[in-house]
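Here is the structure we will look at, set down as structure tokens.
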Amino acid sequence: MKAEIIAIGTEILLGEIVDTNSAHIAQQLPELGIDLYFKSVVGDNLGRIRDTFERAWNRSDLIITTGGLGPTDDDLTREGVAGLLGEEPYVDDALERRVRAFFASRNYPMPESNLKQAWLIPSARALENPRGTAPGWWVERDGKVIVSMPGVPPEMELMWANLVRPELERRSEGEVL
């Protein structure tokens, strides 16, 4: 399986933060028998995100993204994946209840911008994020997989360890690189 990691965030491009997420994932892929061919960083620009996703889709079987799942206007990973696949996002009722409950449990009104964290597309399933409001996405279509996880390292690492890595292990042919 050919894999690619895409880190999303202008703050990474500008050197304001170091992309530890890609390194964390890259260190573990060989243990799963997964060949990592490419790593990219793209800023918070929908056109460039779509271009980067399209290149990855055309050359890789597994695309792993981190970042861009927050509630703000510059969090565009969902829009990029939906645009790549030509699928329309919709608000998932269960995800909406979870996001609203997150804020209610803290006695804080939910900003309506957080509603986009309840989006799914038809080929996606949500990956639970017990540490934050941004669920990840596991997308499967045309024999390819896109996994999108939050950019906040503790959130990403927990999602990777509990959900993503175990699923990739199940699909592995047992090879170690």
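Here are the numbers for this structure:
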{"quantity": "Among residues of the stretch 17-41, those that are acidic (Asp, Glu) and under 20 Å from residue 157 (Cβ atoms), counted", "calculated": "2"}
{"quantity": "Subset of the stretch 64-87 [of a type outside the set (A, V, I, L, M, F, W, C), over 26 Å from residue 157 (Cβ atoms) and out of contact with any Leu (no Cβ under 8 Å at 6 or more places or on another chain)]", "calculated": "73, 86, 87"}
{"quantity": "Residue list for the stretch 130-177, filter: under 30 Å from residue 111 (Cβ atoms) and modelled with pLDDT under 95", "calculated": "130, 131, 132, 133, 134"}
{"quantity": "Single match in 82, 118 (criterion: within 29 Å of residue 172 (Cβ to Cβ) and crowded, with 16+ Cβ neighbours inside 10 Å)", "calculated": "82"}
{"quantity": "Filter pass, residue 55 being without any contact (Cβ under 8 Å) to a residue 24 or more places away in the chain, over 16 Å from residue 156 (Cα atoms), part of a helix (DSSP H, G or I) and open to solvent by 40 Å² or more (accessible area, probe 1.4 Å)", "calculated": "yes"}
{"quantity": "Matching residues in the stretch 58-90 - criterion: being closer than 23 Å to residue 3 by Cβ and assigned to a strand (DSSP E or B)", "calculated": "62, 63, 64, 65, 66"}
{"quantity": "Which listed residue, of 65, 20, is at pLDDT 95 or above, out of contact with any Asp or Glu (no Cβ under 8 Å at 6 or more places or on another chain), open to solvent by less than 50 Å² (accessible area, probe 1.4 Å) and under 23 Å from residue 161 (Cβ atoms)", "calculated": "65"}
{"quantity": "Scope the stretch 1-26; condition in a helix (DSSP H, G or I) and within 20 Å of residue 56 (Cβ to Cβ); matching residues", "calculated": "10, 12, 13, 21, 22, 23, 24, 25, 26"}
{"quantity": "Set 88, 169, 96: member being in contact (Cβ under 8 Å) with a residue 40 or more places away in the chain and either open to solvent by 30 Å² or more (accessible area, probe 1.4 Å) or at positive phi (or both)", "calculated": "169"}
{"quantity": "Residue 44 being open to solvent by 60 Å² or more (accessible area, probe 1.4 Å), closer than 20 Å to residue 153 by Cα and of a type outside the set (S, T, N, Q)", "calculated": "no"}
{"quantity": "Qualifying residue in the stretch 102-125 (condition: in a strand (DSSP E or B), over 20 Å from residue 49 (Cβ atoms) and either basic (Lys, Arg) or at pLDDT 95 or above (or both))", "calculated": "yes"}
{"quantity": "Condition met for residue 151 (touching a helix residue (DSSP H, G or I) at 6+ places or on another chain (Cβ under 6 Å) and under 13 Å from residue 70 (Cα atoms))", "calculated": "no"}
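The values are calculated or read from the model by the stated rules, or taken from the named source; none is laboratory data. Model, not experiment: these values are computed from the prediction. Every residue, glycine as well, gets a Cβ built from its backbone with ideal geometry; the counts of neighbours run over all protein chains shown. When the accessible area is computed, the model is the full protein with side chains, heavy atoms only, and any ligands, DNA or RNA have been set aside. Shrake-Rupley method; radii C 1.70, N 1.55, O 1.52, S 1.80 Å.
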